[in-house]
Amino acid sequence: MAAAKRGVPANQETGAVVVVQESRMKLFGRQRAALAEVGIDLDGIIETYKYFVEMRHEDPELKIPTYRAKIPAGGGRAFDIDTGAPEYDTSVTSFRGVVVNFHNCNALYPNPEPNNDPPVCSSPDGVKGLDILTTEIKDCADCPNNQWGSGNGTRRGKACKNMRRLYILVEDSDIPIVMTLPPTSISAWENTSPRSLAFRDIPQATS
């Protein structure tokens, strides 16, 4: 399987952490030229996911691999890249890629202080959330924990963390890297997204 063999490239470029080519570019869409400019083979990625689909017909329990990049915390300078296979996991100070999609997501943690406890409620789209304890589906907009002033501890704004999830294609990998931005990083992302750059008359990459 090509994706498992390639892993995440160790020879990363310096400079910007993520190079944004286009906003909400569809993974299986028409933007091959923009991807090719940074050495990403969209046709190869499509073939890899076709392979996964075929394998899931044979084994419905098969999970499609996911690569995740953890934002440095506490003064750290390196991104931990989790591939699901320890032999390919790595840490990099920067990486270059194309953001092909992004969306909102929410999570409510039992402890307001950072730790490794899983969330007690989560929403993959920032609209509907699943309460893990009661299995109740909640509307995020009306949830008391998603209102300003509901936070405590280090989160005095909202008890619920409103985050932004990015899907990033990088060279030599058929699997996108998933990176979830914390609330404190969303404004920086919005200031460097294509929509913001357009208002500043900064040239953007086109396909």
Would it be correct to say that D131 is surrounded by 12 or more Cβ atoms within 10 Å (Cβ to Cβ) and among the charged types (D, E, K, R)? yes
Strands (runs of 3 or more DSSP E) contained entirely in segment 58-156, each with at least 2 residues that are among the hydrophobic types (A, V, I, L, M, F, W, C), touching a residue at least 60 places away in the same chain (Cβ under 8 Å) and more than 16 Å from S173 (Cα to Cα): 97-108
Given the options G39, G84, G15, G97, name the one that is at pLDDT 70 or above and closer than 25 Å to I186 by Cα. G97
For segment 157-181: of the residues being over 20 Å from I71 (Cα atoms) and in contact (Cβ under 8 Å) with a residue 40 or more places away in the chain, which is surrounded by the fewest Cβ atoms within 10 Å (Cβ to Cβ)? D172
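The values are calculated or read from the model by the stated rules, or taken from the named source; none is laboratory data. A quick note: this is a predicted structure, and the numbers were derived from the prediction, not measured. Note: ideal-geometry Cβ built from the backbone for every residue, glycine included; neighbour counts use all protein chains shown.
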